[in-house]
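None of the figures in this text is laboratory data; all of them are computed from the coordinates on show. Everything numeric here is computed off the predicted structure, so don't read it as measured data. Cβ placement follows ideal geometry from the backbone for every residue including glycine, while neighbour counts extend to all protein chains displayed.
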Amino acid sequence: MIINLLQNKLKEGLSIIGRASSKSISLPVLKNILIKTEDDFISFSATDLDIAIKYWTLGKIEDHGEVVIPYNSFSSFINLLPNKKITLKTKDNNILLDCDDYKTQINGVDVEEFPIIPKTEEKQKIVLNSKDLCEALLQIIDIPSMSKVKPEISGVLFSLKNKKIYLVATDSYRLAEKKIKIQEKIDDFSVIIPQRTAREVVNIFKEVNKEIEIIFGDNQILFKLKMDDFNHSHIELTSKIIEGNYPDYQSIIPKELKTKIILNKDEFLNKIKASSIFTSKINEVILDVDSEKQEVVIKSNNNELGNYETKISGKAEGESVSVSFNYRFILDGLSNIKDSEVVFEINNESSPGILRPVNKEDFLYIIMPIKN
């Protein structure tokens, strides 16, 4: 193989695929990447067997071939080079690099040792704007928690239904649902993707405002993005999905709510932050909704530090109620609502509270109370 390409394109590709490069001691081949010529493109691939990332770019190909070399040493060396033409040649399992007055040889391994990245057999496919997808994932991505007992709640639910994608995440104490409208008619379909996969999608695609294809297979999901004609590069992220059935989260969403109050989001957020200074070990903050006075009294107490009380005015409907929550969960919900006002809804002290933006149905955040 003999190829020529600019340092900045090589650096860009390596930074993207490096997210899938493994540090496995038991499988050292996963610390390597595959460089390969494919038609007029040069591809770079990395995998840790759970996630695989592949990046294509154009370059001058004098002789086709492939090579597997260590990611860390190769990437570190490329980052130190000037943004000039780099020539890569293979010799046996090694690569010879020439750039300006930099010349080096990096030893590789047998190409046959690098794992095959399986193709995703398409069952469903949708097309979204990459920025919209990443912004939606950012609203729910921090919620899942690792669970060996219930591995399905360790991931993010992708549920396709009624020209909408429902992105759902829970840790059993809170739950968020984000809806994205899509144009095409699709069959109902659901998969659970690992939280890490969702994070890597955001890390790789959040700055790109292009269409992204999402291809759903039996046990894999593929995110596929082609850059513009000028850039001449494209990216694929393939991931395993989590097996199992996602909890019937719809059943915990109250159908009727007795108390509703509309509050200024930033004021509510700041006053909850202040209350957190005086909470106990269980992070408890008490919310007393007074419908008659059209306000919420926020209280917290710590036997060693002291106590805190403040109030925030709003537009209240329904019954007065007092309920306790973990302040961290309230802050997380408020931080992921982009509107200036939020709706806080509750039934009683033992039922979940709901936070959502005013006059929007695309985001829902449910918090379980702390029961006395």
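Tabulated values for the structure
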read-out	value
Mean residue ellipticity (222 nm) of the chain, computed from DSSP H runs ≥ 4 via -39,500 (n - 2.57), nearest 500	-5000 deg cm²/dmol
Span from the the range 1-41 Cα centroid across to the the range 72-99 one, whole angstrom	11
Relative contact order [Cα under 8 Å, 6+ residues apart], the chain, whole percent	13
Hypothetical label at Asn93: residues of the range 106-120 whose amide nitrogen lies under 16 Å (7 Å Cα-Cβ projection)	106-116
Low-density loop positions, trypsin sites (Lys or Arg not before Pro), the range 215-279 - DSSP coil, at most 12 other Cβ in 10 Å	Lys255
Of Lys123/Lys179; Lys54/Lys210; Lys260/Lys315, pairs whose Cα-Cα distance is over 19 Å	Lys123/Lys179
Fewest-first ranking of Val343, Val156, Val358, Val208, using other Cβ atoms within 10 Å as the exposure measure	Val358, Val208, Val343, Val156
Within straight-line cross-link reach of Lys293, aspartates and glutamates at Cα separation under 15 Å, skipping those fewer than 8 residues along the same chain	Glu317, Glu319
Computed Kirkwood radius, in angstrom, where 1/r is averaged over Cα pairs of the range 108-248	15.9
Cα gyration tensor shape of the range 190-267, rounded if a/c is under 1.5, else prolate or oblate by comparing a/b with b/c	oblate
Check: the chain dipole with +1 on Lys, Arg Cβ and -1 on Asp, Glu Cβ, in debye	400
The range 140-208: trypsin sites (Lys or Arg not before Pro) falling in loop per DSSP and having at most 12 other Cβ within 10 Å	Lys148, Lys163, Lys185
Centre separation in Å (Cα based) which lies between the range 194-273 and the range 343-370	20
Dimensionless Rg/Rh of the range 253-367 - Kirkwood Rh, Rg from C-alpha atoms	0.94
Estimated dipole of the range 253-367 in Debye, rounded to 20 [Cβ of Lys and Arg +1, of Asp and Glu -1, Cα centre]	220
Residue pairs, from the table Lys185/Lys258; Lys281/Lys371; Lys185/Lys360, whose Cα atoms sit over 26 Å apart	Lys185/Lys258
Candidate lysines - alpha carbon under 20 Å from Lys103, same-chain residues fewer than 8 apart omitted	Lys9, Lys11, Lys60, Lys84, Lys85, Lys89, Lys91
Relative exposure of Val297, Val67, Val127, judged by other C-beta atoms within 10 Å (fewest first)	Val127, Val297, Val67
Mean projection area, nm², convex hull over Cα of the chain	22.6
Phi to ³J(HN,Hα) by Karplus 6.51 cos²θ - 1.76 cosθ + 1.60 over the range 287-294, Hz, x for Gly, Pro	10, 9, 8, 10, 5, 5, 8, 6
Low-density loop cleavage sites - trypsin sites (Lys or Arg not before Pro) in the range 22-113, where at most 16 other Cβ are within 10 Å (DSSP)	Lys23, Lys84
Partner aspartates and glutamates for Lys36 [C-alpha distance under 20 Å; skip if fewer than 8 residues away on the same chain]	Glu12, Asp48, Glu62, Asp63, Glu66, Asp92, Asp98, Asp110, Glu112, Glu113, Glu236
